[in-house]
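A short write-up of the structure that comes next.
The values are calculated or read from the model by the stated rules, or taken from the named source; none is laboratory data. On a predicted model such as this, the values are computed, not experimentally measured, just so you know. All Cβ positions, glycine included, derive from the backbone under ideal geometry; neighbour counts span all protein chains shown. Calculation scope for accessible area: heavy atoms of the full protein, side chains included, ligands and nucleic acids excluded. Shrake-Rupley method; radii C 1.70, N 1.55, O 1.52, S 1.80 Å.
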Amino acid sequence: MACYRRARCEAEALQLGELLSTQRARAAFAEFSAWAVAETEHVRLVKALALHVEFFLALEAHGDEPWSEGLLLRTFNASGLSLYKLPVRWLRESGLAEISLEAKIDNAERGRSIALVELTAPNTLARQLMQAFFDELDVKVKAGLLKRRSVRMALRPALTLLQTADPHGQLMPEQDSLDKLLEHAPGQRNAVSTFLGFLKAKHGVKLSTKESSAKPNTVRRRLLGEQLAALAKEPLRSAEFDQRWKVLAMAYFQKMTQARAKFLLKNGELEPQDGGYELRAETDVFWIPAPPAIRSDAIDLPRDSASPYEPPRRPPQPVLRR
């Protein structure tokens, strides 16, 4: 029975070898098949030979190029090579090619970077920008100036910024887009700087990660202040007053969106203090002033001020960073 199975494997290998058109590929497949017959279980091998010949067909397509580590990774990727473990093992044991763990990790990171580029829609400005940015970083990797992981870390905030600017990928990012991104993810300030440098150098788009009193933010903050002052003037305070006050005060004094304030209030720990509250959320401690006591004289809203409401005084340090 063993001789029959061995002969069947050899016959199958001989027949499949006819699919290869070059002498080099045919000879390599014949050597691999003879090695596999000697090293592996025949019952499984006879079923797998049709898959293995695809490995050699793919390599044959590259002509006379040496079957190096770089060629194997370009042709199959690290994940693709897992389908051809036996031919890869034969290449390694025969000394024809050796794929290091570092090269596999590097190739996997490159694949993740390409996947980020391809998250943008084809034939859009966003895809053009992401592809050009990736190509520029890829050149630096090949020159030994950058690590593959750094490429992926730079592409991620670039993609987020483009999606913030326009979900359809047709608009160039503006300062407002960057401000929105940093408002929701302040930790991306350094990570996005590489893409901002690319936009400035290649497209003349100048965006700043510095915290500033930009006009849109000033207007938004003034409106928040007016809402806060109007809320403080309400003579009859409903059951929802306290929560509304905390959200507005958090958004106004800590310079964040109301959605962000609601999230932190929901997930943080609120501790009453003299004159207000301390909110411990994530890695920060935020100060929220208490609403003023109801007074007979209403609060007047300044007409030309970006800060229409002044909170009850308390010790400084509205935000304590750990």
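At-a-glance table
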{"read-out": "Positive-end residue of Thr22, Gly95, Phe32, charge dipole of the chain with Cβ unit charges", "value": "Gly95"}
{"read-out": "Contour excess over end-to-end distance, with Cα ends at Arg89 and Ala108 and 0.36 nm allotted per residue", "value": "4.9 nm"}
{"read-out": "J(HN,Hα) series, the stretch 8-15, from Karplus relation 6.51 cos²θ - 1.76 cosθ + 1.60, nearest Hz, glycine and proline x", "value": "5, 4, 5, 5, 5, 5, 5, 5"}
{"read-out": "Dimensions (Å) - the stretch 191-279, Cα atoms, principal axes, largest first", "value": "57, 27, 20"}
{"read-out": "Those GluC sites (Glu not before Pro) in the stretch 62-117 that DSSP places in a loop and that have at most 16 other beta carbons within 10 Å", "value": "Glu98"}
{"read-out": "Area of Leu49 that stays accessible when all protein chains are in place (1.4 Å probe, Å², to 10)", "value": "0 Å²"}
{"read-out": "Ala27 versus Arg237: modelled label distance in nm, points set 7 Å from Cα along the beta carbon direction", "value": "9.1 nm"}
{"read-out": "Virtual paramagnetic centre 7 Å along Cα→Cβ of Ala121, amide N under 15 Å, in the stretch 156-183", "value": "162-172"}
{"read-out": "Label-point separation, Thr218 to Ala50 (7 Å along Cα→Cβ), nm", "value": "7.3 nm"}
{"read-out": "Cα pair count fraction exceeding 19 Å, expressed as % - the stretch 121-235", "value": "53 percent"}
{"read-out": "Accessible surface of Met153 - all protein chains present, 1.4 Å probe, nearest 10 Å²", "value": "90 Å²"}
{"read-out": "Label-point separation, Lys206 to Ala293 (7 Å along Cα→Cβ), nm", "value": "5.3 nm"}
{"read-out": "Carbon/sulfur fraction of accessible area - the chain, other protein chains in place, 1.4 Å, %", "value": "52 percent"}
{"read-out": "Solvent accessible area, Å² - Ser238, 1.4 Å probe, full protein context", "value": "60 Å²"}
{"read-out": "Entries in Lys210/Lys262; Lys142/Lys180; Lys200/Lys246; Lys104/Lys206; Lys104/Lys200 that, when Cα-Cα distance is taken, lie over 31 Å", "value": "Lys142/Lys180; Lys200/Lys246; Lys104/Lys206; Lys104/Lys200"}
{"read-out": "Positive-end extreme of charge dipole, the stretch 73-218 - chosen from Leu86, Leu116, Pro167 (charges on Cβ)", "value": "Leu86"}
{"read-out": "Under 17 Å from Lys147, Cα to Cα: aspartates and glutamates that are on another chain or at least 8 residues apart", "value": "Glu102, Asp106, Glu109, Asp135, Glu136, Asp138"}
{"read-out": "Sequence of Arg237, Arg74 from largest to smallest accessible area, 1.4 Å probe", "value": "Arg74, Arg237"}
{"read-out": "Electrostatic dipole magnitude of the stretch 1-61 [Cβ: Lys, Arg +1; Asp, Glu -1; Cα centre; debye, to 20]", "value": "160 debye"}
{"read-out": "Over 37 Å [Cα-Cα, the chain], rounded percent", "value": "48 percent"}
{"read-out": "5 angstrom amide H check on Asp284, placed H, neighbours 5+ away", "value": "none"}
{"read-out": "Using alpha-carbon coordinates, inclination of helix 193-203 to the longest axis of the chain, degrees", "value": "80 degrees"}
{"read-out": "Heavy-atom accessible area order for Arg6, Arg127, largest first, 1.4 Å probe", "value": "Arg6, Arg127"}
{"read-out": "Theoretical FRET efficiency, 1/(1+(r/R0)^6), r = Cβ-Cβ of Ala132 and Arg74, R0 25 Å, to 0.05", "value": "0.75"}
{"read-out": "Over the chain: helical MRE at 222 nm, DSSP H runs n ≥ 4 each giving -39500 (n - 2.57), nearest 500", "value": "-19000 deg cm²/dmol"}
{"read-out": "Residue pairs, from the table Lys140/Lys202; Lys47/Lys85; Lys202/Lys255, whose Cα atoms sit over 21 Å apart", "value": "Lys202/Lys255"}
{"read-out": "Candidate aspartates and glutamates for bridging to Lys233, where Cα separation is under 12 Å - those fewer than 8 sequence places away on the same chain excluded", "value": "Asp297, Asp300"}
{"read-out": "Ranking by accessible area, most exposed first, for Cys3, Cys9 with a 1.4 Å probe", "value": "Cys3, Cys9"}
